[in-house]
Amino acid sequence: MAALRIGLLAFPAMTQLDLTGPLQVFASLPDADVRVLWKTLEPIQTQGGLRLLPDTTLGECPQLDVICVPGGPGVVDLMDDPEVLSFLRTRAGQARFVGSICTGALVLGAAGLLRGKKATTHWAWTDLLVPLGAIPTRGRVVRDGKFFSGGGVTAGIDFALTMVAELAGRDAAEVIQLGIEYAPAPPFDAGHPETARPELVASARSRMAAVRAEREARVQAAAARLF
C-alpha cells in the first residue's frame, strides 16, 4: 500500500500549534509521508517567534491525499494570495480529505472551497465564515463530506485524530492518542465562552478587537471575489 501523503501548509505569522499539534498525530501514522508546505524552503517565523522549516515548496509538491490549512494572524494575507488560493483549489480537487484548523477555515473559504459546507473555526471568528458561503456549525471538529474543520488551536489534535480514524480506522487513531497521552484535563474550565467567566470572555474579545476590523475587511474582499 502506498504511503499516505499529507500536506500541512505553513506561512508567516501562523499559530504554530495549529500545525504542530496535527503534525504530531499524522507523523505517528505508520508509513505516512507528512510534508510542511510553503512557497520557499526558507525558515518561517510563526506567531510567538518559533521558526519552522518547510520541506516542500508549493511548486514541487506531489499529489496529496490530505491537505490541511492552519490559522493565525497570517491568514489575513493568505486570503488574497492568488498563488496560495490557486494551489488550494487545485489540490483540494485531487485530495481525499481537505482540512482546516482554527482560522485556516477562512483561507479555505476565501478559496471558494466552503460554499454551502458546514464548518467551524475559533469561537471568536465563526461569524466570518458566513460571508464566505460556509455554514457555521458548533463542534470541536466538523465534517462535511471530504472537508474537516477544527475549532481553535488545540482542537487541531482532535481534528487530526478524527481524520486518522477515517484514514486508517479507529484503532489506529486510539493507539496514536494513547501514544501521545492525549487525555485533556485542563486546570480551569475556561476554554470556551460558554464555560469561561463573563469578564474573561469580555477581556478576550477586547484584545481581539484590534484585529477584527482587518479580518472583516479581508473576508469581505474575498467574498466579493467569490460571489
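Below is a table of values for the structure above.
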quantity	calculated
Leading residue by the ranking (most open to solvent (accessible area, probe 1.4 Å)) among those in segment 40-50 that are over 18 Å from the mean Cα position of the chain (by Cα) and not hydrophobic (A, V, I, L, M, F, W, C)	42
Test set (1) in contact (Cβ under 8 Å) with a residue 60 or more places away in the chain; (2) under 30 Å from residue 96 (Cβ atoms) - residue 162 fails condition number	(1)
Residue match in segment 136-148 (condition: farther than 22 Å from residue 217 by Cβ, touching a Cys at 6+ places or on another chain (Cβ under 9 Å) and either modelled with pLDDT under 95 or among the aliphatic types (A, V, I, L, M) (or both))	no
Pairs, first farther than 12 Å from residue 15 by Cβ in segment 41-58, second open to solvent by 90 Å² or more (accessible area, probe 1.4 Å) and among the polar types (S, T, N, Q), C-beta under 9 Å, six or more apart	51/45
Tabulated pairs, segment 210-227, first among the aromatic types (Phe, Trp, Tyr), second open to solvent by less than 40 Å² (accessible area, probe 1.4 Å) and in a helix (DSSP H, G or I), C-beta under 9 angstrom, 6+ apart or interchain	227/131
Qualifying residue in segment 28-37 (condition: at pLDDT below 95 and among the acidic types (Asp, Glu))	yes
Condition met for residue 147 (under 21 Å from residue 7 (Cα atoms), touching a strand residue (DSSP E or B) at 6+ places or on another chain (Cβ under 6 Å), in contact (Cβ under 8 Å) with a residue 60 or more places away in the chain and among the aromatic types (Phe, Trp, Tyr))	no
The lone exception for residue 137 - which of (1) under 20 Å from residue 67 (Cα atoms); (2) without any contact (Cβ under 8 Å) to a residue 60 or more places away in the chain; (3) among the hydroxyl-bearing types (Ser, Thr, Tyr) it fails	(1)
Subset of segment 13-49 (residues that are closer than 21 Å to residue 211 by Cα and either touching a Leu at 6+ places or on another chain (Cβ under 8 Å) or of a type outside the set (Asp, Glu) (or both))	13, 14, 15, 16, 17, 45, 46, 47, 48, 49
All helices (runs of 4 or more DSSP H) inside segment 116-227 with 3 or more residues being among the aliphatic types (A, V, I, L, M) and surrounded by fewer than 13 Cβ atoms within 10 Å (Cβ to Cβ)	198-226
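The values are calculated or read from the model by the stated rules, or taken from the named source; none is laboratory data. Fair warning: this is a prediction, and the values are worked out from it, not measured in the lab. When we count neighbours, we look across all protein chains shown, and the Cβ atoms used for this are built from the backbone with ideal geometry, even at glycine. For the accessible areas, the whole protein counts, side chains as well, though only heavy atoms, and no ligand, DNA or RNA atoms are used. Shrake-Rupley method; radii C 1.70, N 1.55, O 1.52, S 1.80 Å.
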